[in-house]
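The values are calculated or read from the model by the stated rules, or taken from the named source; none is laboratory data. Bear in mind the structure is a predicted one, so any value in this text is a computation, not a measurement. Note: ideal-geometry Cβ built from the backbone for every residue, glycine included; neighbour counts use all protein chains shown.
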Amino acid sequence: MSQIMHLSLDRLATPIGEMLLVADEEGSLRAIDWSDYEARMHRLLRLHYGQDGFRLEPVRNPHGLSETMARYFAGELSVIDTLPVKTAGTSFQREVWRALRAIECGKTISYAELAKRIGRSNTVRAVGTANGANPIGVVVPCHRVIGANGSLTGYGGGMERKAWLLRHEGCAQVSETLSLFTSPVLS
């Protein structure tokens, strides 16, 4: 019989909606998502850890992670750089996710550049798929990946959130594109 992983779940109000944070007992982030995508988050947790391989327990500010994320949203952008993360997924996915963490705040790169950074220039589509399967959004900053022509491309939390996150981080090179995604709800 395998051991059941005990995970903490907290809900954090942010300027762009309620964020869900999932942490393990050691204090590593296992998932971050948005409450309007909670079903997807549960599905991914089951995929990675098994139907009965984990238990989620509501916990306020597990290991100080919620407080740290609140500081990020308040403008202390670098606080997320050293947050501990632990993911399941394939070795290729984890390689892509590690490369995402190396994208400097305030910068964006293309999927082709991301593939090149991991030494797999011919796997742009696979890199895009791995980017889209990232379970720890914002901290593993998949929102910093844009199209080769500078256009905003898909984001699991919605394009308005991606635009907000990039504006929040000061991504000047995409400011014209970002103005197309100004939403009264998220502004």
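Of all strands (runs of 3 or more DSSP E) completely enclosed by the range 1-105, which ones contain at least 3 residues that are in contact with a Phe, Trp or Tyr (Cβ under 9 Å, 6 or more places away or on another chain) and over 23 Å from Asn131 (Cβ atoms)?
So the answer is 5-14.
Out of His63, His48, I need the residue that is assigned by TED's automatic domain parsing to the domain that holds Asp33, surrounded by 14 or more Cβ atoms within 10 Å (Cβ to Cβ) and within 16 Å of Asp33 (Cα to Cα). Which one?
Numbers: His63 fails: within 16 Å of Asp33 (Cα to Cα).
Residue meeting the stated conditions: His48.
Which condition from (1) in contact (Cβ under 8 Å) with a residue 40 or more places away in the chain; (2) surrounded by fewer than 16 Cβ atoms within 10 Å (Cβ to Cβ) is the one that Val85 breaks?
(2)
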